[in-house]
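Colleague: Quick one: the structure is below, and I'll ask about it shortly.
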Amino acid sequence: MTNPSPPFFTYFSIKGLLTEARQKLADVSGSAALDAELLLAECLGKSQTYLHTWPEKNVTARQKECFQKLIQKRLEDYPVAYILGKKAFWTLDLRVTTDVLVPRPETELLVETALQKISNTEKPQILDLGTGSGAIALAIASERPDAIVCASDSSQAALKIAEYNARKNGLDAQLRFIQSNWFSNIKPQRFDLIVSNPPYIAPDDPHLQGSIRHEPQLALTAANSGMADIELIIANAPDFLKTNAWIILEHGYDQAKKTQQLFSQHHYKEIESRKDLNNLLRITLACRI
Ligand SMILES: C[S@@+](CC[C@H](N)C(=O)[O-])C[C@H]1O[C@@H](n2cnc3c(N)ncnc32)[C@H](O)[C@@H]1O
């Protein structure tokens, strides 16, 4: 099948192009206005502020053609982050490709909680399982220059992106990258904190339609109604945690209870779930006895 030709825009002005693009994107995106601004700013090589400051300015034919192409990609449901090749997370600018999950703002709750739990630990040793773009590992490292973060993933392609992001953000001295199927290749040692945002969507979940289908399946789905990787991590983490050290896991909005039960079965203490910005229980933490 050939790609349909890019949507045609009548206007040349910034304001006109943004209005037309917003209307075209309304059916595929819950953030049509923002998407249109980010994509036009990219084609002009300018900031979003520029678009607001100069709404009447006309773009060149080449810039308009670029915008039409990017809007076409968005209409095919590609996440804006993949189209732009970057995503802001925490205070960092991260490179993202289709080899890694697009970091979500909800995951910042995990970072915030992690920073609280290591606030009294000097030179904390941290393990981030399933690091993807490196979002969590790098955000923690950026706030704690004394921390050493071991970032692991089973995907070599994802690790390359995470390593690039560490260098780009000047954090590579604090990071160690390891290709590992969960704990299988992590050398025996005890960490002050383990964090993970593992795959947790059931393979038959209808939410896997839409723009999420462009993200790596390996990053999204897990067997046993999405609980298989969470269970494996909870069962094995005690061998890699110091006494009284914390583990923090992100999970689906309806998996807090099951995650708490698993922590309980594996004899952790101080088990607690926390709500994200949307008032949903999205992380569960526990302490090794
Ligand atoms: C939901 S993504 C999280 C990515 C990143 N930490 C974030 O929060 O944006 C899950 C990550 O786990 C990795 N993963 C999947 N199966 C794995 C396994 N068996 N061992 C290690 N990592 C795995 C995926 O490659 C992916 O990068």
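The values are calculated or read from the model by the stated rules, or taken from the named source; none is laboratory data. Computed from a predicted model, the values in this text were never measured in an experiment. FYI the Cβ positions are ideal-geometry reconstructions off the backbone, even for glycines, and counts take in every protein chain you see.
Colleague: What is the residue count in the stretch 180-201 for residues that are surrounded by fewer than 21 Cβ atoms within 10 Å (Cβ to Cβ), under 18 Å from the mean Cα position of the chain (by Cα) and more than 7 Å from the ligand (Cβ to nearest atom)?
Modeller: Qualifying residue count, the stretch 180-201: 1.
Colleague: Of all residues in the stretch 117-136, count the ones that are more than 11 Å from the chain's Cα centre (by Cα) and either of a type in the set (A, V, I, L, M) or surrounded by fewer than 18 Cβ atoms within 10 Å (Cβ to Cβ) (or both).
Modeller: The total comes to 9.
Colleague: On to the next question. Considering L171, L129, which residue is within 11 Å of the ligand (Cβ to nearest atom), of a type in the set (A, V, I, L, M, F, W, C) and under 27 Å from P79 (Cα atoms)?
Modeller: On inspection, the qualifying residue turns out to be L129.
Colleague: Would you say P145 is touching a helix residue (DSSP H, G or I) at 6+ places or on another chain (Cβ under 9 Å), assigned to a loop (DSSP other than H, G, I, E, B), without any contact (Cβ under 8 Å) to a residue 60 or more places away in the chain and more than 20 Å from F191 (Cβ to Cβ)?
Modeller: In short, no.
Colleague: Can you list the helices (runs of 4 or more DSSP H) found entirely within the stretch 1-120 that contain at least 2 residues being over 29 Å from K168 (Cβ atoms) and within 16 Å of the ligand (Cβ to nearest atom)?
Modeller: Result: empty, no element qualifies.
Colleague: Exactly one condition in (1) within 13 Å of the ligand (Cβ to nearest atom); (2) under 19 Å from A222 (Cβ atoms); (3) surrounded by fewer than 23 Cβ atoms within 10 Å (Cβ to Cβ) is false for D153; which is it?
Modeller: Unmet condition: (3).
Colleague: Please indicate, with yes or no, whether at least one residue in the stretch 34-54 is on the phi > 0 side of the Ramachandran plot and modelled with pLDDT of 95 or more.
Modeller: Yes, the stretch 34-54 has at least one match.
Colleague: Among the candidates I234, I230, single out the residue that is surrounded by 16 or more Cβ atoms within 10 Å (Cβ to Cβ), among the β-branched types (V, I, T) and closer than 25 Å to I161 by Cα.
Modeller: Of the residues listed, the single one that is surrounded by 16 or more Cβ atoms within 10 Å (Cβ to Cβ), among the β-branched types (V, I, T) and closer than 25 Å to I161 by Cα is I230.
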